[in-house]
1. B:Gly218 versus (1) in a helix (DSSP H, G or I); (2) surrounded by fewer than 21 Cβ atoms within 10 Å (Cβ to Cβ): which is the lone unmet condition?
2. Taking the range B:114-160, which residues are assigned to a loop (DSSP other than H, G, I, E, B) and within 24 Å of B:Gln31 (Cα to Cα)?
3. Just the residues that are surrounded by 16 or more Cβ atoms within 10 Å (Cβ to Cβ), away from every other protein chain (no Cβ under 14 Å) and not in a strand (DSSP E or B), please, taken from the range A:58-74.
4. At positive phi, in contact with a strand residue (DSSP E or B) (Cβ under 8 Å, 6 or more places away or on another chain) and not polar (S, T, N, Q): does that describe B:Gly146?
5. How many residues are in contact with a Gly (Cβ under 9 Å, 6 or more places away or on another chain) and either of a type in the set (Phe, Trp, Tyr) or part of a helix (DSSP H, G or I) (or both) if we restrict to the range A:190-202?
6. Could we say that B:Met208 is surrounded by 24 or more Cβ atoms within 10 Å (Cβ to Cβ) and either under 13 Å from the mean Cα position of the chain (by Cα) or not basic (Lys, Arg) (or both) here?
7. Just checking, which of B:Trp174, B:Trp165 is buried (at least 18 other Cβ atoms within 10 Å of the Cβ) and of a type in the set (Phe, Trp, Tyr)?
Amino acid sequence: MRLALKDVSIQFGGLKVIEKMNMNIGDGELVGLIGPNGAGKTTAFNLITGIYRPTAGEISFEGQSVATLKAFEISRLGVIRTFQNIRLFQTLSVLENILVSMHPRCAYGLTAVFSQGAKFKVVEDEFRADALKLLKIFKLDHLAAHEAGSLPYGVQRKIEIVRALAGQPKLLLLDEPAAGMNHSETAELMSLIQKIRQDFKLSVLLIEHDMKLVMGICERIVVLDHGMVIAEGGPKEIQNNPRVVEAYLGVEDAT
Amino acid sequence: MRSLLGWILVAVVALVVSVAATVGLNPYLQQILFYIAINSMLACSLNLVNGFCGQFSLGHAGFMAVGAYVSALISLNFHPFSGALEILNFPIYALLAGLCAAAAGFLVGMPSLRLRGDYLAIVTLGFGEIIRVVLLNLEVVGGARGLYGIPGTIDMASCFHAFFWAGATVLLLWRLIHSSYGRSFLSVREDEIAAECMGIDTTRTKVMAFVISSFFAGAAGSIFAHTTNSLNPASFQFVKSVDVVIMVVLGGMGSLTGSIIGAILVTILPEALRPLHELTGVDLRMVIYSLTLILLMILRPGGLLGSREWNQLWRRRAARS
């Protein structure tokens, strides 16, 4: 079991955004988290990555409790995310964006920086080569020197995924990776997500509104509504679950 | 080899400047040259925090004051070298001054940089004033009278010392920002939450930048103390901090080259306008000085160089690599 949420709740003032959420993600699983707008999906991501602290409940990653860790510590354990509203380092180049998430495993200290020691050069070259290799997988290597903020939306989304991968995640959290993409881009993204999951041996949890993507690649789907898990299961089960239909479409009037 | 090359360059520049200064310039111009070295150090180091790390520090004069007074006090009581080797004392003073200022930076930065937002500006503004008022009331450092008789002369050796420090500041900061640490500074500036989620310890990163910045401000203070030979709390008023901020903003936030240009301009401009005062009989210096700044900000809101460095000047947009 990689990630386990046990009775996790968070409230802001009187507003209970997530209530007693239970969710498990196993090794190499690809899980979808869906639900209507305002259901608490992104809040769940913020809880898992340590941006928010749960008001109650327990979150553990690979057996270790992470609810009290800071965001950067959780990230260094291997839980890395992308953002719904793209949060690239806008004025940095694409390459620099990738290099930033490699910083936690930077092996040289300030003395090596100031003296430009041998280690500095070795690590920098290695980082750059690794970053370019990652960019190549996504066919983005020709954009390495471009300013990240100046690139098209869909490309920025992909760069965010590469940036997350550069941090060597064990669990990758994707917040609406296909938002703003057209059909062919989404189809490409689907195969890409499956490919990186296999190549990097990742578990993936993704929030997505594009049902074709979710139903197409997720082995298991968790449905949130009003902060509560209302259903969990395979794509087929979820599609036929009356509570899910109700959450999305409402109930038919009895009269 | 690469390491050595930078130092050789710094030494050569310092040597050329100091020889030219002692041969060709009168004491007044020499003094201005010293101020350019000092202000370059201040501007470049402040740029690390304000420009590269995206925080807003308003207390650089405070750290400079710490360095200046520490250096002055040490030099009045302690000379490891004497006679012909006397000049070798000054790097030691500057180093100790820098370390004390860095310690002050750590104490100020540690609590205030844990928070996001403008708290640093308020805290550093307060710190600068506290330092000044403490110096004003501390009898050991002469109170309002200040400290006098601080050793140091304006000659070729001291000029070399000042410019070597200025060059070293630029060189070391340059290396820092072109490293993984430098990228972590930039990531904090761009998006603190995203940086944190990519495993960057943002608090540690900000404190690191702040402490390094304070170190060089302290060293600059030391050089200042041994150039003026007297210190007075009035030299370290809030306006001094603002001056350094102006240099940084004028040159371009996030450009060391810009900071040097900003430092040179802000140092020279008021002096260059002095003849105008004599000519017209009215002191228009500050009026023109402020107008120039306003105009520059309207025409080039990102500062003279934006975030570009000398080697990227021909690029329209700074494509970083």
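1. (2)
2. Scanning the range B:114-160 gives B:Gly146, B:Tyr148, B:Gly149, B:Ile150, B:Pro151, B:Gly152, B:Thr153, B:Ile154, B:Asp155.
3. A:Ala67
4. Yes: the conditions hold for B:Gly146.
5. Keep residues of the range A:190-202 that are in contact with a Gly (Cβ under 9 Å, 6 or more places away or on another chain), which gives A:190, A:197-198, A:201-202.
Now restrict to residues that are either of a type in the set (Phe, Trp, Tyr) or part of a helix (DSSP H, G or I) (or both): A:190, A:197-198.
Count: 3.
6. Here the answer is no, as B:Met208 does not meet what is asked.
7. Values: B:Trp174 fails: buried (at least 18 other Cβ atoms within 10 Å of the Cβ).
Among B:Trp174, B:Trp165, only B:Trp165 is buried (at least 18 other Cβ atoms within 10 Å of the Cβ) and of a type in the set (Phe, Trp, Tyr).
Per-residue answers, yes or no, for (1) at pLDDT 95 or above; (2) within 24 Å of B:Val108 (Cα to Cα); (3) facing chain A (nearest Cβ under 10 Å); (4) in contact with a Phe, Trp or Tyr (Cβ under 6 Å, 6 or more places away or on another chain):
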{"residue": "B:Phe164", "(1), (2), (3), (4)": "yes, no, no, no"}
{"residue": "B:Trp174", "(1), (2), (3), (4)": "yes, no, no, no"}
{"residue": "B:Ser184", "(1), (2), (3), (4)": "yes, yes, yes, no"}
{"residue": "B:Ser187", "(1), (2), (3), (4)": "yes, yes, yes, yes"}
{"residue": "B:Ala220", "(1), (2), (3), (4)": "yes, yes, no, no"}
{"residue": "B:Asn229", "(1), (2), (3), (4)": "no, no, no, no"}
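The values are calculated or read from the model by the stated rules, or taken from the named source; none is laboratory data. All figures in this text were calculated on a predicted structure; none of them were measured in a lab. Cβ atoms come from the backbone with ideal geometry, glycine included; neighbour counts cover every protein chain shown.
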